[in-house]
Structures are given as C-alpha cells and as structure tokens.
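The values are calculated or read from the model by the stated rules, or taken from the named source; none is laboratory data. Nothing here was measured: the structure is a model prediction, and the numbers come from that model. Positions of Cβ are backbone-derived with ideal geometry, glycine not excepted, and every protein chain shown enters the neighbour counts.
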Amino acid sequence: MLTRLGLPIALRIVETTAVRGAEDLACEAIGMGADLVIAAGGDGTLNGVINGAGRAGVTVGLVPLGTGNDFARGLGLPRTVEGALAVIAEGRVRSLDVGLCRSRRFINVAGCGFDAAVAERINRGLRSVSGTTAYVASVLATLMLFRPAYVTVSVDGVQTRGPTMMCAIANGTGYGGGMRIAPDARLDDGLFDVCVIGACTRMEFMRSLPLVFRGAHVDHPKVTMIRGRTVEVASDPPLPVLVDGELAGRTPARFVMEPAGVRFVVPLRMSGVTPARGGPRA
C-alpha cells in the first residue's frame with residue numbers, strides 16, 4: 001500500500017505498550033533522525049506524539065485507529081487507513097494550535113467536571129465498547145452519582161462562577177465519539193472555545209444531550225460559550241481534569257494557548273480551520 005501511494009519515506013512501525021507510550025516512542029524516533037512521526041491510534045495516542053514529536057518541531061501525521069477519533073473527524077481526515085495514508089502522501093503541512101495544561105500539551109479538547117468523570121469511567125472499564133456507544137453508556141452511569149460543583153472560570157481575566165456541571169476548553173470541535181462541544185472552534189485561530197454548562201437536573205441533562213451531537217446546545221440557557229487565550233478553572237470540591245481523553249489531575253487548572261504550536265499533515269479539504277484570508281477571531 002505504501003509503495004502504491006508513493007510515500008517517499010523510510011517507515012518504521014513501533015507498537016506502544018503500557019511501559020513505552022507514544023510520547024517516548026516519538027522522542028526515540030526523533031533521536032533516530034525522523035522528521036515525520038505518524039500517530040496510529042486515537043486522541044490519546046496523538047496526544048503522546050504531540051508531546052514527544054511536536055515539541056521538537058517535527059511534523060506529525062495521524063492514522064485514526066482509536067475509540068472516538070474525534071480530532072480526525074474535526075479535521076476532516078478519512079476514516080480508513082488507506083485514506084489517511086493518502087493524506088500523508090500528499091504531504092500538505094499546516095501549523096495548528098495546541099493548548100498547554102500544566103506541563104502537558106493537548107491538541108483537541110480539555111475538560112473539567114462531568115466530561116472528565118465520564119472519561120474516567122470509560123478508561124476504567126468501557127474500552128471494549130467503541131465511540132459514541134461507549135460515551136453514552138458512561139454518561140448514563142456517571143450521571144447517577146455526579147454532583148455539580150461551584151466553579152469559577154476565568155477566561156483572559158473575565159470570570160464566570162456558579163454551580164457547574166462541566167467546563168470544556170476546546171481547540172478542536174468535538175470529543176466523546178461525535179459530540180460537537182465547540183462547533184465553531186478553529187484549530188488555527190489562536191483561541192480556545194470554552195463551553196461552560198451550568199447545573200441542571202438529570203432529566204434536563206439527558207434531554208439536552210442529543211443537542212450536543214449537532215452542536216445545537218450552544219443556544220441552551222444553561223450553556224455559556226466564551227473565547228480566549230488563557231483559561232483558569234477552580235472548583236469546590238476539586239473536579240477531575242481531562243486532556244485529549246486522558247486524565248490529568250484535578251482542579252485548579254490553568255490552560256494556555258500556544259498558537260501554531262505543531263506542524264501537522266492535513267487533508268487538502270480540511271475542516272476546522274479559519275478561511276485562508278481570515279485572521280484570528282476576536
């Protein structure tokens with residue numbers, strides 16, 4: 001397949017393990033002289049490669065083989081291995097933004113609260129179920145026990161506070177196997193799209209959940225959408241923090257945008273970016 005696609009690269013395939021993750025292997029590849037590192041997996045695997053290869057200025061590519069593949073969906077990457085490799089063969093590279101939480105970079109979505117609790121449940125026991133099915137099943141189970149916290153969200157110094165279900169800090173448009181949490185987010189505008197969902201009843205939350213898959217939740221009265229470059233989240237009690245599908249401690253947490261933080265191989269018809277003539281959104 002690689003020969004037929006005309007990929008002009010020497011390819012070395014290494015499988016990640018619990019001991020040697022994607023970040024370590026990306027760093028190893030750079031040490032061996034690689035100028036392109038391809039993540040073959042989901043958002044978590046890509047996060048490791050972004051933290052290993054992306055920090056060194058090496059170009060990153062993606063073959064989406066994960067559970068949700070939300071970043072690939074938002075970018076417009078083909079779902080098949082052959083299609084994704086064809087994109088890499090075309091070799092169109094663009095600088096995309098990344099976020100930073102503590103010392104961890106992320107390229108898609110970070111979150112605090114209910115969404116992180118859902119991911120925690122998926123990581124504990126629903127990995128065998130894929131995509132949207134895994135997320136919805138975990139939402140139902142988590143909703144029975146989760147209680148809103150009193151959350152203070154500061155976006156570029158402007159604060160919102162009150163009882164809150166969750167706060168998503170989005171660079172990409174979606175997560176959770178197709179949930180378009182920030183439908184207007186762009187990967188190259190230098191801004192986070194922050195979605196804050198206030199406290200609501202279980203029934204209200206479940207009735208509104210289908211709206212998220214269409215990105216229609218943004219007009220709900222319990223939803224606040226804000227854009228900014230620096231986001232700080234504090235809560236009582238502390239809430240779990242999610243970074244590209246992986247848990248990253250608890251609040252308080254600070255999220256900082258790194259514009260054009262990674263070179264990425266993208267499809268010719270790419271979604272989730274600003275128009276060629278457009279600048280950063282205010």
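In summary, Arg207 fulfils each of the numbered conditions (1) modelled with pLDDT under 95; (2) surrounded by fewer than 17 Cβ atoms within 10 Å (Cβ to Cβ); (3) touching a strand residue (DSSP E or B) at 6+ places or on another chain (Cβ under 7 Å) with the single exception of condition (3).
Please specify each residue of the range 225-249 satisfying the condition of being closer than 16 Å to Asp115 by Cβ and out of contact with any helix residue (DSSP H, G or I) (no Cβ under 9 Å at 6 or more places or on another chain). Scanning the range 225-249 gives Val231, Val233, Ser235, Pro238, Gly249.
Please indicate, with yes or no, whether at least one residue in the range 112-120 is of a type in the set (Phe, Trp, Tyr), within 30 Å of Pro238 (Cβ to Cβ), at pLDDT below 90 and under 17 Å from the mean Cα position of the chain (by Cα). The answer is no, given that none of the residues of the range 112-120 is of a type in the set (Phe, Trp, Tyr), within 30 Å of Pro238 (Cβ to Cβ), at pLDDT below 90 and under 17 Å from the mean Cα position of the chain (by Cα).
Met179 meets each of the listed conditions (1) within 20 Å of Thr67 (Cα to Cα); (2) in contact (Cβ under 8 Å) with a residue 40 or more places away in the chain; (3) in contact with a strand residue (DSSP E or B) (Cβ under 7 Å, 6 or more places away or on another chain) apart from (3). Assessment of the range 40-52 against the conditions (in contact with a Cys (Cβ under 6 Å, 6 or more places away or on another chain), among the small types (Gly, Ala, Ser) and not in a strand (DSSP E or B)) yields at least one matching residue.
Of the residues examined, Thr80 is one that is over 30 Å from Thr230 (Cα atoms), at pLDDT below 95 and polar (S, T, N, Q).
Residue count for the range 96-120 under the criterion of being among the aromatic types (Phe, Trp, Tyr) and closer than 20 Å to Met144 by Cα: the result is 1. Strands (runs of 3 or more DSSP E) fully within the range 62-151 that include at least 3 residues being in contact with a strand residue (DSSP E or B) (Cβ under 6 Å, 6 or more places away or on another chain) and small (Gly, Ala, Ser): 109-113.
Looking at Val266, Val243, just one residue is buried (at least 21 other Cβ atoms within 10 Å of the Cβ), at pLDDT 90 or above, closer than 13 Å to Val98 by Cα and touching a strand residue (DSSP E or B) at 6+ places or on another chain (Cβ under 7 Å), and that residue is Val243. With respect to Gly48, determine if the residue is over 19 Å from Gly272 (Cα atoms) and either at pLDDT 90 or above or crowded, with 19+ Cβ neighbours inside 10 Å (or both). Yes, satisfied. Residues that are within 20 Å of Arg250 (Cα to Cα) and not hydrophobic (A, V, I, L, M, F, W, C) within the range 185-239 comprise Gly198, Thr230, Glu232, Ser235, Asp236, Pro237, Pro238, listed in sequence order.
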